[in-house]
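The values are calculated or read from the model by the stated rules, or taken from the named source; none is laboratory data. Keep in mind the model is a prediction, meaning the values are calculated, not measured. Cβ placement follows ideal geometry from the backbone for every residue including glycine, while neighbour counts extend to all protein chains displayed. Heavy atoms of the whole protein, side chains included, go into the accessibility calculation; ligands, DNA and RNA do not. Shrake-Rupley method; radii C 1.70, N 1.55, O 1.52, S 1.80 Å.
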Amino acid sequence: MTRVREIELRLVGLPLVRPFRTSFGEETEKACILVRVETEEAWGWGECVTGADPGFSEEFNEGAWLVLRDFLAPAIFGAGDVSSDNVEEMLGGVRGNPMAKAALVNAVLDAELRARGMSLAAYLGADRDRVACGVSVGIAPSAERLLEEVEGYLSEGYRRIKLKIEPGTDVERVSAVRAAHPQILLSVDANAAYGLEDVGVFRALDAFDLLMVEQPLHHEDLIEHARLQRAIRTDLCLDESVRSAADARAALELGACRIVNIKQGRVGGVLEAKRVHDVCLEREAPVWCGGMLETGVGRATNLALAALPGFTLPGDTSASRRYFAEDLTEPHELAPDGTMAVPSGPGIGVEPDPERLDAATRRRERLRAT
Ligand code: SMG
Ligand code: MG
């Protein structure tokens with residue numbers, strides 16, 4: 001138990017090495033909030049996975065900044081002693097906003113583990129020190145460009161290719177990649193761009209031996225996902241629809257998916273992410289670690305989570321260079337065998353380089369108990 005002395009928020013921006021296009025928009029830079037918590041014993045970092053606009057979820061950077069500054073930080077300052085045992089409860093008076101909460105929960109836990117000299121991976125119950133990595137490939141301008149991009153990632157060693165898809169080009173692009181690479185682990189992610197009336201597209205995709213189809217339908221509709229799952233052979237995986245362990249349980253019990261993409265930043269932080277993992281493990285549903293184009297801070301958090309026993313499929317835990325020419329932390333690197341090291345130092349095991357962090361910072365605010 002310790003008191004939080006200060007919470008610092010930073011809005012940071014980094015150019016992406018190539019634009020990332022999904023069914024809901026295109027990003028050319030990464031802009032996010034980093035939270036630094038200072039306790040009486042240590043400091044800790046958390047990264048908020050919101051983007052500049054509310055395209056992936058209702059939460060977005062400017063909104064999350066206000067929620068953190070005006071509600072979540074005051075809840076922490078007002079509560080007295082804080083630890084990983086009570087931090088989620090302290091934030092419980094704020095409804096929803098799991099992404100904003102995750103940044104603070106993870107930062108408090110990081111500070112606690114740094115003070116104890118324990119790694120996040122060990123704390124969560126990791127059973128390995130390297131994790132298998134996949135890569136998520138944005139919607140390309142043409143099938144040729146997509147094939148080139150996929151080729152490049154495969155030659156770097158990535159063990160699974162996930163294609164972003166949208167109506168119109170879906171079957172053609174998947175067919176081209178599958179024809180060129182008959183043996184690879186291949187999946188698709190629709191980011192909720194389809195309706196149940198598009199069942200024909202998913203029946204056609206059944207022919208390509210996909211590892212899964214991720215989040216085909218509306219994020220609030222588990223019943224429709226269950227209907228679609230019954231109508232096709234390929235396993236469905238949910239991402240946006242799962243914001244908590246309760247959501248994961250509902251999805252699995254309804255048959256809305258057979259696989260879950262766990263993004264700690266989407267479910268309120270690593271503590272809830274571990275509960276999602278446990279719910280899935282209990283029901284023998286494979287999970288994998290999703291990504292939100294995180295900087296090295298969030299990526300280190302993800303790598304620790306991905307080392308848990310239920311994470312049996314390669315995650316969107318790609319190397320720093322897949323996103324940034326220069327990361328905020330020391331770069332996370334992919335080995336030629338398609339694995340990455342799980343940080344083993346105290347807490348998340350990495351920290352931003354002070355100069356690079358300052359150069360990327362667009363706004364900064366320090367909050368203290370009043
Ligand atoms: O971190 O490699 C990454 C990105 C993985 O495809 C990815 N994320 O729906 O799973 C997803 C998307 C959301 C990104 S929104 C910018
Ligand atoms: Mg997804």
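List of remarks:
- The one condition in (1) more than 14 Å from residue 362 (Cβ to Cβ); (2) open to solvent by 20 Å² or more (accessible area, probe 1.4 Å); (3) within 16 Å of ligand 1 (Cβ to nearest atom) that residue 41 fails to fulfil: (3)
- Residues of region 151-160 include none that is modelled with pLDDT of 95 or more, assigned to a loop (DSSP other than H, G, I, E, B) and under 17 Å from residue 304 (Cα atoms).
- Residues of region 207-235 satisfying the condition of being closer than 15 Å to residue 163 by Cα and assigned to a helix (DSSP H, G or I): 208
- Given (1) in contact with a Phe, Trp or Tyr (Cβ under 6 Å, 6 or more places away or on another chain); (2) open to solvent by 50 Å² or more (accessible area, probe 1.4 Å); (3) under 28 Å from residue 345 (Cα atoms), index of the condition residue 50 fails: (2)
- Taking the conditions (1) more than 16 Å from ligand 1 (Cβ to nearest atom); (2) open to solvent by 20 Å² or more (accessible area, probe 1.4 Å) in turn, residue 334 satisfies each one other than (1).
- Taking (1) away from ligand 1 (no atom under 15 Å from the Cβ); (2) within 17 Å of the chain's Cα centre (by Cα) in turn, residue 289 satisfies each apart from (1).
- Taking (1) assigned to a helix (DSSP H, G or I); (2) open to solvent by less than 40 Å² (accessible area, probe 1.4 Å); (3) not polar (S, T, N, Q) in turn, residue 203 satisfies each apart from (2).
- Residue match in region 299-312 (condition: open to solvent by less than 10 Å² (accessible area, probe 1.4 Å), among the polar types (S, T, N, Q), in a loop (DSSP other than H, G, I, E, B) and under 24 Å from residue 353 (Cβ atoms)): no
- Criterion violated by residue 274 - all others in (1) within 16 Å of ligand 1 (Cβ to nearest atom); (2) touching a residue at least 60 places away in the same chain (Cβ under 8 Å); (3) more than 15 Å from residue 46 (Cα to Cα) satisfied: (1)
- Qualifying residue in region 178-190 (condition: at pLDDT 95 or above, basic (Lys, Arg), closer than 21 Å to residue 140 by Cβ and in a helix (DSSP H, G or I)): yes
- In summary, residue 370 fulfils each of the numbered conditions (1) within 30 Å of residue 73 (Cα to Cα); (2) part of a loop (DSSP other than H, G, I, E, B); (3) open to solvent by 10 Å² or more (accessible area, probe 1.4 Å); (4) at pLDDT 95 or above with the single exception of condition (4).
- In the set (1) within 16 Å of ligand 2 (Cβ to nearest atom); (2) farther than 21 Å from residue 258 by Cβ, residue 313 fails one condition alone, (2).
- When residues of region 214-224 are limited to those that are more than 15 Å from ligand 1 (Cβ to nearest atom) and crowded, with 16+ Cβ neighbours inside 10 Å, the one farthest from the chain's Cα centre (by Cα): 224
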